[in-house]
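The values are calculated or read from the model by the stated rules, or taken from the named source; none is laboratory data. Please read these numbers as outputs of a predicted model, since none were measured by experiment. All Cβ positions, glycine included, derive from the backbone under ideal geometry; neighbour counts span all protein chains shown.
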Amino acid sequence: MTTFGDQLFQFGGVPVGSIDTMGIGQVYYVCQTTSPLYATAAISRKQGQYNDGSMRLHTTIQSALDATVSERNDYVIVLPDNDDYDLTAALTMTKRNVHLIGPGGVNGGIGSSNAVRVDQNTTNTPIITLTGDSCEITGFWFKSTGNSTLLATTGYINVPTVSTGQAANIHHNYFFMDGSGADNAPAICYYNGGSGNYSNVHHNRFQFMTPSTTFAYGVYLNSSNTSFEYNSMLVQNGCTVNTGVRVGGAGGICSNNDFYASKSGGGLSAGAFGTAILISGSDTTACIGNRGAVGTGTMIQGGTADTSWCDNRSAVNGGVLCVDQDIDA
């Protein structure tokens, strides 16, 4: 039995070769040819072919995603690399029940290390376009360095179509947001109503810090029954985020998130929120247990006073009082 990376798929000591009985499909590995791992551990231990003719080891993320089969519950494992996984086009996840994982980046807290960095180098292009249902994305450091403006309707992870990308599990990622001017995409964008319904976005870290840049939204979720929980969002260095997270649609929840507008210091200017949390379109979305140190911005906006909100706190008076809607920090 191989040991490099396969420990992720050991359950109670069950060998990897026996996992088919547990409902796990085929496992594909991604390692760039420029990585030292490719010539050593990856090429010697991961190379091989499945019965359907697909190769276990791939040199690009998209090639591995293309090898997966919908509903087989396949895993794409992206190996750590000191270099970025550079993209010139969006990765497409079109198949159901596919897991895209960077195990080297997963930690027990919020966000991800930079063990697996994915960098989009083409302007106005998402990092991932997600249309397959019940997919998982975890363990990545996402960035889009030096590619100018991303259109406001794209986003690093983009679910562009109604009734697609549903029940996604997006967690333990780091979104390093880079933009230009005033028309910049959110980190995660469920732009059309009914896209990405029933999704779970949790334990991610979002950082916005490009000077003199404005993002209309940090995260835009126009979907029903979607949760945004246990995430942190930082704005600093002269960057402005007009709305930290927008949650629309029925039956959603925004809970236990932290929002920070950094003060100036350490050679960086201050960041700013307009509003940390916006609930729009339906009062059936709940906002529970969030905290914000958002400077002169508004902590929460929308919903129904005394109904939609519970146990949310701003930095006013050290956060000793719970706040309801439209409370300025």
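Pairing each residue of the range 209-236 that is outside the structural domain of GLY111 (by TED's automatic domain parsing) with any residue that is in a strand (DSSP E or B), provided the two are 6+ apart or on different chains, yields no C-beta distance under 9 Å.
Just wondering, is there one or more residues in the range 151-162 that are modelled with pLDDT of 90 or more, surrounded by fewer than 20 Cβ atoms within 10 Å (Cβ to Cβ) and among the hydroxyl-bearing types (Ser, Thr, Tyr)? Among the residues of the range 151-162, at least one is modelled with pLDDT of 90 or more, surrounded by fewer than 20 Cβ atoms within 10 Å (Cβ to Cβ) and among the hydroxyl-bearing types (Ser, Thr, Tyr), which makes the answer yes. When the range 88-115 is examined, which residues are found to be at pLDDT 95 or above and in a strand (DSSP E or B)? Within the range 88-115, LEU91, THR92, MET93, HIS99, LEU100, ILE101, SER112 qualify. For the range 194-201, the criterion of a residue being farther than 15 Å from THR226 by Cα and more than 8 Å from the chain's Cα centre (by Cα) is satisfied by no position. In the range 207-217, of all residues being farther than 24 Å from THR164 by Cα and in a strand (DSSP E or B), the one that is nearest to the chain's Cα centre (by Cα) corresponds to GLN207. Among the conditions (1) crowded, with 20+ Cβ neighbours inside 10 Å; (2) of a type outside the set (A, V, I, L, M, F, W, C); (3) touching a Pro at 6+ places or on another chain (Cβ under 6 Å), the only one that GLY165 does not satisfy is (3).
For the condition of a type in the set (S, T, N, Q) and touching a residue at least 24 places away in the same chain (Cβ under 8 Å), what is the one hit in ASN51, ASN82?
Working: ASN51 fails: touching a residue at least 24 places away in the same chain (Cβ under 8 Å).
Answer to the check: ASN82.
Could you tell me whether the range 176-183 includes any residue that is of a type in the set (Asp, Glu) and in a loop (DSSP other than H, G, I, E, B)? Within the range 176-183, one or more residues are of a type in the set (Asp, Glu) and in a loop (DSSP other than H, G, I, E, B). Being in contact with a Phe, Trp or Tyr (Cβ under 8 Å, 6 or more places away or on another chain), surrounded by 20 or more Cβ atoms within 10 Å (Cβ to Cβ) and outside any loop (DSSP other than H, G, I, E, B) is the filter here; which residues of the range 250-272 pass it? Once the filter is applied, which keeps residues that are in contact with a Phe, Trp or Tyr (Cβ under 8 Å, 6 or more places away or on another chain), surrounded by 20 or more Cβ atoms within 10 Å (Cβ to Cβ) and outside any loop (DSSP other than H, G, I, E, B), the range 250-272 yields CYS254, PHE259, ALA261.
Which of the residues belonging to the range 297-313 are at pLDDT 85 or above and touching a Phe, Trp or Tyr at 6+ places or on another chain (Cβ under 9 Å)?
Taking the range 297-313 and keeping what is at pLDDT 85 or above, we get 297-301, 310-313.
Hits for the range 297-313 are GLY297, THR298, MET299, ILE300.
Against the list (1) β-branched (Val, Ile, Thr); (2) assigned to a loop (DSSP other than H, G, I, E, B); (3) crowded, with 19+ Cβ neighbours inside 10 Å, the condition VAL118 fails is (2).
In the range 162-196, what count of residues is obtained for those that are farther than 19 Å from TRP141 by Cβ and not small (Gly, Ala, Ser)?
Looking only at that region, the number is 7.
Here THR123 passes the criteria (1) farther than 28 Å from SER224 by Cα; (2) outside any loop (DSSP other than H, G, I, E, B) except the one numbered (2).
If I ask for residues that are farther than 19 Å from ASN290 by Cα and assigned to a loop (DSSP other than H, G, I, E, B), which ones from the range 218-248 would you list?
Taking the range 218-248 and keeping what is farther than 19 Å from ASN290 by Cα, we get 222-224, 236-240.
Answer for the range 218-248, where residues must be farther than 19 Å from ASN290 by Cα and assigned to a loop (DSSP other than H, G, I, E, B): SER223, SER224, ASN237, GLY238, CYS239.
Working only within the range 130-150, note down all residues that are crowded, with 23+ Cβ neighbours inside 10 Å and either at pLDDT below 95 or not in a loop (DSSP other than H, G, I, E, B) (or both). Passing the criteria: LEU130, ILE137, PHE142, SER144, LEU150.
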